[in-house]
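The values are calculated or read from the model by the stated rules, or taken from the named source; none is laboratory data. As the structure is a prediction and not an experimental result, all values here were calculated from the model. Using ideal geometry, Cβ is built from the backbone for each residue, glycine included, and neighbour counts are taken over all protein chains shown. Ligands, DNA and RNA are excluded from the accessible area calculation, which covers all protein heavy atoms including side chains. Shrake-Rupley method; radii C 1.70, N 1.55, O 1.52, S 1.80 Å.
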Amino acid sequence: KRHKFWETQPVGQFKDIGDTSLPEGPIEPPTTLSEVKQEPYNLPNLYEWISCDIDSEEMCTEVYDLLTHNYVEDDETMFRFNYSKEFLRWALRPPGYYKSWHIGVRVRSSKKLVAFITGVPARIRVRDNVVTMAEINFLCVHKKLRSKRLAPVMIKEVTRRVHLENIWQAAYTAGVVLPTPISTCQYWHRTLNPKKLIDVGFSRLGARMTMSRTIKLYRLPDSTSTPGFRKMELHDVPAVARLLRNYLNQFEVAPDLDENDVEHWLLPTENVVDSYVVESPGSHKITDFSSFYSLPSSILGNQNYSILKAAYSFYNVATKTPLLQLMNDVLIVAKQKDYDVFNALDIMQNESFLKELKFGPGDGKLHYYLYNYRLRNALKPMELGLVLL
Ligand SMILES: COc1cccc(CC(=N)NC(=O)c2cccnc2OC2CCNCC2)c1
């Protein structure tokens, strides 16, 4: 299948797969800032660029509404991601963020927001190199403007604005295959509310299974089992940062998180991100950590329900408690918080608990990409220590 746009970009090309003469690392060298195009790319005349001030309630609502009606749907178009406004503010304002990387496209006449793309800065280690990159996300073109080739110019514009900050690499994920994935992951779902999931068509009743048998199969205890398991608090940040940095060292690609990053990304934020630690009752040492983020989905066309409450596994570290037991406690907490389903990718050490904790494989894949950075070989999912929102 031809990738007219991606064949022009500094990304691994399909034709280069297996060419071991190509070095690992940046594909194109940085240019001087004066060589970066100073003015925005041209849009079709009807449209104009806007830097979205996500702090503004009105602008955040416009972004939320665009994504709620036009962002990613599952393959069977039964669900659409429904990121909340507080989630978007969290996702787009990490330490060192640039407002100019929150890019919208408006209709000049009506001022209607019709497209969006974002970048946030992140230090990401690739093997032994820590590279400051842009994490690109929320590329969304209004349904009525599809196939007008807006996405390529939006990708070029966010790339230009990233270059202006002297950053030359990026990381992104997609449900579609583009040149060229650095890893292809499988997503898994752990049913928490079987009746609702079957009613809305997310799951199907297993063969030779009754509803009551299914409810019993997925039932979880009312309370967690690990002594010292509790919500993460601000004073835990240094210990969690140490635990997480050490744990992530084992992966080929992983974020290089300092205490500021840990405080932003992992301190619990209501309805956005939840984090738990295990504090050894005797020594008060933090030995384990687990977190998940909250990403509901709109349910398209069901009489009884409009929102699917989904938790997504974020970062988990088990140094004393068995990972299986830690994750079972996190499932119990997610159920207590009325989530319908708990999702996880087969990255990091997740494979070690997925089947045993009754996760079932999803019907799609999530592909990870690096921009302007070649990896000689694709990574196994378990070599990946990076979770994008
Ligand atoms: C259940 O509602 C859905 C609404 C839209 C799409 C999908 C399927 C899907 N594409 N799922 C994932 O990409 C996915 C499955 C498990 C864990 N993380 C995931 O994606 C994350 C990371 C990438 N950005 C979206 C959220 C499901």
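Starting from residues that are more than 16 Å from the ligand (Cβ to nearest atom) and not in a loop (DSSP other than H, G, I, E, B), keep the ones in segment 309-325 and report whichever is nearest to PHE353 (Cα to Cα).
Ranking the qualifying residues of segment 309-325, first place goes to LEU324.
For segment 326-364, what are the residues that are open to solvent by less than 10 Å² (accessible area, probe 1.4 Å), assigned to a helix (DSSP H, G or I) and within 16 Å of the ligand (Cβ to nearest atom)?
MET327, VAL330, LEU331, ALA334, PHE353, LEU354
Which of the residues spanning segment 106-124 are surrounded by fewer than 19 Cβ atoms within 10 Å (Cβ to Cβ) and under 18 Å from the mean Cα position of the chain (by Cα)? Quick ask: steps written out before the conclusion?
Initial filter on segment 106-124 (surrounded by fewer than 19 Cβ atoms within 10 Å (Cβ to Cβ)): 107-112, 121, 123.
Within segment 106-124, PRO121, ARG123 meet the criteria.
Looking only at segment 234-256, which residues are part of a loop (DSSP other than H, G, I, E, B) and either touching a Pro at 6+ places or on another chain (Cβ under 8 Å) or in contact (Cβ under 8 Å) with a residue 40 or more places away in the chain (or both)?
The answer is GLN250, PHE251, GLU252, ASP256.
Taking ILE103 as the residue in question, decide whether it is under 24 Å from LEU257 (Cα atoms), open to solvent by less than 20 Å² (accessible area, probe 1.4 Å) and not in a helix (DSSP H, G or I).
Values: under 24 Å from LEU257 (Cα atoms): no; open to solvent by less than 20 Å² (accessible area, probe 1.4 Å): yes; not in a helix (DSSP H, G or I): yes.
No.
For segment 55-68, check the following and say yes or no: at least one residue is touching a residue at least 60 places away in the same chain (Cβ under 8 Å), in a loop (DSSP other than H, G, I, E, B) and of a type in the set (A, V, I, L, M).
Checked against the condition, which is being touching a residue at least 60 places away in the same chain (Cβ under 8 Å), in a loop (DSSP other than H, G, I, E, B) and of a type in the set (A, V, I, L, M), segment 55-68 yields no hits at all.
Yes or no, residue by residue, for (1) among the polar types (S, T, N, Q); (2) at negative phi:
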position: HIS264; (1), (2): no, yes
position: VAL277; (1), (2): no, yes
position: SER280; (1), (2): yes, yes
position: HIS284; (1), (2): no, no
position: SER291; (1), (2): yes, yes
position: ASN304; (1), (2): yes, yes
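Output yes when any residue across segment 170-181 is in contact with a helix residue (DSSP H, G or I) (Cβ under 8 Å, 6 or more places away or on another chain) and away from the ligand (no atom under 16 Å from the Cβ), and no when none is.
Kept after step one, since they are in contact with a helix residue (DSSP H, G or I) (Cβ under 8 Å, 6 or more places away or on another chain), are these residues of segment 170-181: 170, 178-180.
Still in the list and also away from the ligand (no atom under 16 Å from the Cβ): 179-180.
Scanning segment 170-181, I find at least one residue that is in contact with a helix residue (DSSP H, G or I) (Cβ under 8 Å, 6 or more places away or on another chain) and away from the ligand (no atom under 16 Å from the Cβ), so the answer is yes.
Which residue is nearest to TYR305 (Cα to Cα), if the candidates are limited to segment 74-91 and must be in a loop (DSSP other than H, G, I, E, B) and touching a strand residue (DSSP E or B) at 6+ places or on another chain (Cβ under 9 Å)?
MET78
Do any residues in segment 378-389 that are in contact (Cβ under 8 Å) with a residue 12 or more places away in the chain have Cβ atoms under 6 Å from those of residues that are open to solvent by less than 30 Å² (accessible area, probe 1.4 Å) and within 12 Å of the ligand (Cβ to nearest atom), where the two are at least six apart or on different chains, and which pairs are they?
Note: pairs meeting the criteria are PRO381/CYS185; PRO381/ASP346; PRO381/ILE347; LEU384/ILE347; VAL387/PHE314; LEU389/ALA91.
One line per residue, one yes/no per condition, for (1) of a type in the set (Ser, Thr, Tyr); (2) more than 15 Å from LEU386 (Cα to Cα):
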| residue | (1), (2) |
| --- | --- |
| PRO94 | no, yes |
| TYR97 | yes, yes |
| ILE103 | no, yes |
| VAL107 | no, yes |
| ARG125 | no, no |
| ALA134 | no, no |
| VAL141 | no, yes |
| HIS163 | no, yes |
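I'm checking my understanding of the structure. Among residues of segment 184-215 that are hydroxyl-bearing (Ser, Thr, Tyr) and within 25 Å of PRO296 (Cα to Cα), which one is farthest from the ligand (Cβ to nearest atom)?
Our first condition is that a residue be hydroxyl-bearing (Ser, Thr, Tyr); within segment 184-215, this holds for 184, 187, 191, 203, 210, 212, 214.
This time we only want the ones that are within 25 Å of PRO296 (Cα to Cα), so: 184, 187, 191, 203, 214.
Numbers: THR184: 12, TYR187: 3, THR191: 13, SER203: 11, THR214: 19 Å.
Among residues in segment 184-215 that are hydroxyl-bearing (Ser, Thr, Tyr) and within 25 Å of PRO296 (Cα to Cα), the one farthest from the ligand (Cβ to nearest atom) is THR214.
Looking at SER109, is it in a helix (DSSP H, G or I) and more than 26 Å from PHE292 (Cβ to Cβ)?
Numbers: in a helix (DSSP H, G or I): no; more than 26 Å from PHE292 (Cβ to Cβ): yes.
Here the answer is no, as SER109 does not meet what is asked.
Report, by residue number, each residue of segment 188-227 that is surrounded by 15 or more Cβ atoms within 10 Å (Cβ to Cβ) and closer than 24 Å to ALA318 by Cα.
Hits for segment 188-227 are TRP188, HIS189, ARG190, THR191, LEU192, TYR218, LEU220, THR224, THR226.
Tally the residues that are over 26 Å from GLU252 (Cα atoms) and out of contact with any strand residue (DSSP E or B) (no Cβ under 6 Å at 6 or more places or on another chain), restricting the search to segment 332-355. Full working, then the answer.
First, pick out the residues of segment 332-355 that are over 26 Å from GLU252 (Cα atoms): 332-341.
Now narrow it down to the ones that are out of contact with any strand residue (DSSP E or B) (no Cβ under 6 Å at 6 or more places or on another chain): 332-333, 335-338.
Residues that pass the stated criteria total 6.
In segment 186-213, how many residues are over 29 Å from MET348 (Cβ atoms) and not in a loop (DSSP other than H, G, I, E, B)?
Of the residues in that region, 6 qualify.
Quick check on my filter: what residues within segment 5-30 are assigned to a loop (DSSP other than H, G, I, E, B), modelled with pLDDT of 95 or more and open to solvent by 60 Å² or more (accessible area, probe 1.4 Å)?
PRO23, GLU24, PRO26, GLU28, PRO29, PRO30 - these are the residues of segment 5-30 that are assigned to a loop (DSSP other than H, G, I, E, B), modelled with pLDDT of 95 or more and open to solvent by 60 Å² or more (accessible area, probe 1.4 Å).
Output the residues belonging to segment 130-152 that are at positive phi and buried (at least 17 other Cβ atoms within 10 Å of the Cβ).
Once the filter is applied, which keeps residues that are at positive phi and buried (at least 17 other Cβ atoms within 10 Å of the Cβ), segment 130-152 yields only PHE138.
Hey, LEU266 hits all of (1) in contact with a Ser or Thr (Cβ under 7 Å, 6 or more places away or on another chain); (2) more than 30 Å from LEU375 (Cβ to Cβ) but one; which does it fall short on?
(2)
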